[in-house]
Structure formats: C-alpha cells, structure tokens
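I have placed the structure first, in the form of structure tokens, so that the comments after it can refer back to it.
The values are calculated or read from the model by the stated rules, or taken from the named source; none is laboratory data. Note that the structure is predicted; figures quoted are calculated from it, not measured. Note that each Cβ is placed from the backbone with ideal geometry, even for glycine, and that neighbours are counted across all protein chains shown. These area figures cover heavy atoms from the full protein model, side chains too; ligands, DNA and RNA do not enter into them. Shrake-Rupley method; radii C 1.70, N 1.55, O 1.52, S 1.80 Å.
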Amino acid sequence: MKKALMYLFLALGIIVAVVLVSGAVMGFVAGFIDGYNESNPCTTETSSLVVSTAIIIILSVCIILNGVFLHFRFASYAPGRMPKEARWRVLSLLMLAMGGLALLYGTMYNPLLPYDGTMTTESDESVRSYYLWIKENPLLSLPLLVLVEGTADLIVFGAVLRELLEWKHKPEIVIPIFAAVFGIFTGFSNMVMLIIPSMMVALIESWTYECTRSVIPVIIADTFFWIVLICLFGVALPWWCFLLAVAIILPSGYFLMKAMDPFKPID
C-alpha cells in the first residue's frame, strides 16, 4: 500500500515540476520573441504558443515518467502471462467492449455538438476548442494520446494497481474499489454523469491487467477507445445508440472474462 501511494505521489510530483518549469521556460521564450521583434509584451500569437507549450509539456512529462518508472523497475511494458494462442481473442473482445463503452460515452457527452443547455453538450469554449483540435489534427493528436495513455497506464495499472494486488491479492475487492475511485475522479474532473462509464472502463481494464499482468492490452484498449470516441465527437447520435452500446458491452465483457479465466492468477 505504501509503495502504491509512493508511485502515485512520485508521478504527481514529476508532473507538477515539469509543468511549472516548462511554463516558466515558455513564458521566457515568448518574452524573448517579443523583445527580438521589438513588439509589446504578450503579443506573441496566443494559440500557437499554447499548443506548442502543451505539446512540449506532454512530451516532457511522458519521457521523464517513462524514464523514471522503467529505470527503477517500478513498472514495465512486459508481455505478461497471456498465452499467444489467446491473444487475438482477448484483444478482439477487449476492443469490442471498448468500442461499446466509447459509444456509450459519446451518447452521454459530445462536446463538439452545438450547446443546447443539456449536460450532453459542452458550454465551455476552451474545452470545445481542445476536443476540436484533437479531431482536426489526428496525425498529431492520436500519437500524443497513445503516448499519454501508455504512460498513464504504465503508472496507474503497471505500478499502482500491481502493488495493490500484490499487497492484498483479493481482486474481487481491490478492483471494484480501484475502479470506483478511478471513475469518481475521472467523472468529477470532467462531468459527473460520466462516472458510471468511466468506472466501467476502469473495471474492464483492471480485470484485464489482473489476468494478463501486462499494460500492453490496456494501452491497446485505451487507444481504440479514443479512436472511436474521436470519430463520434460532433456526430448527433440517436437515443437507441445507448441501448446498442449496452448490447455490445455486456456480452463482449462477459466473453472477455471467460476468455481470460484459464490464465488468471490463482491465490
């Protein structure tokens, strides 16, 4: 338990430090450019500066986190315990479940639709601009998303969850609690109505990690989830897509558990 908290606080400390340093450096660079161009302070183009700063911060954070956690062997990208003959079946069912969850997510929250006063759409223009940039720049945004999701999964599942399962290997207790905390944190940092689908994503991915002991299938699942979600953003989905999502998630999740049952760890 202490190690899990240490991993979490170490990652948060690195993120805060890199954000502060990168922000200060980019502010200095913007000021230098203004001075070089003999223009007034803070006249450097805001949008390009924000995008450049965000990309530099993301790359810096991910590189440092990967370097620290891999160097000190706090986590790894090892293939785990999943047999080769079961990989394609597990990954196919996992991506099917993630596709259903992305569809469920998209029916509940679609920030690129015109704001209509409901919780399904987004009123904050900065948030809308963020998702719009992702959708309009897939060649840049998707690699960044894969890098961010891979790094986050390395820490959250490969370090924190692994340590929790080694501390108390009671997955039927640890994983639901872990998924609930993950879902509540994700929901309140975005929208409260997204707590349930976020918990479902965390539950499926946590159980996948428990059975395979590898972050690789989790990274593939997150990547596929984002690809489907980006394609759905801005598309008005009819009400029956909610039922379709449930019809996809339940059987694919069930057969995924059955497919991983033969090689899951035994107490």
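Rundown of residues vs (1) touching a Gly at 6+ places or on another chain (Cβ under 7 Å); (2) buried (at least 22 other Cβ atoms within 10 Å of the Cβ); (3) acidic (D, E), yes/no style:
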position	(1), (2), (3)
D153	no, yes, yes
W167	no, no, no
E172	no, no, yes
I184	no, no, no
I195	yes, no, no
T208	no, yes, no
T212	yes, yes, no
V215	yes, yes, no
I230	no, no, no
Of the conditions (1) of a type outside the set (D, E); (2) modelled with pLDDT under 90; (3) open to solvent by 30 Å² or more (accessible area, probe 1.4 Å), Y131 satisfies every one except a single condition; which number is it?
(3)
In the stretch 76-88, which residues are loosely packed, with under 14 Cβ neighbours inside 10 Å and either in contact with a strand residue (DSSP E or B) (Cβ under 8 Å, 6 or more places away or on another chain) or in a helix (DSSP H, G or I) (or both)?
K84, E85, W88
Would you point out which residue out of L139, L101, L154, L112 is of a type outside the set (G, A, S) and farther than 24 Å from A54 by Cβ?
L101
The residue that is nearest to the chain's Cα centre (by Cα), considering only those in the stretch 247-267 that are of a type in the set (V, I, T) and surrounded by 12 or more Cβ atoms within 10 Å (Cβ to Cβ), is I249
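Quick grid of which residues meet (1) at pLDDT 95 or above; (2) within 18 Å of F182 (Cβ to Cβ):
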{"site": "I219", "(1), (2)": "yes, yes"}
{"site": "I227", "(1), (2)": "no, no"}
{"site": "F233", "(1), (2)": "no, no"}
{"site": "L237", "(1), (2)": "no, no"}
{"site": "C241", "(1), (2)": "no, no"}
{"site": "I248", "(1), (2)": "yes, no"}
{"site": "F255", "(1), (2)": "yes, no"}
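Here is a yes/no grid of residues against (1) of a type outside the set (K, R); (2) at pLDDT below 85; (3) in a helix (DSSP H, G or I); (4) surrounded by 15 or more Cβ atoms within 10 Å (Cβ to Cβ):
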position: G35; (1), (2), (3), (4): yes, yes, yes, no
position: E38; (1), (2), (3), (4): yes, yes, no, no
position: V51; (1), (2), (3), (4): yes, yes, yes, no
position: L59; (1), (2), (3), (4): yes, no, yes, yes
position: G99; (1), (2), (3), (4): yes, no, yes, yes
position: Y115; (1), (2), (3), (4): yes, yes, no, no
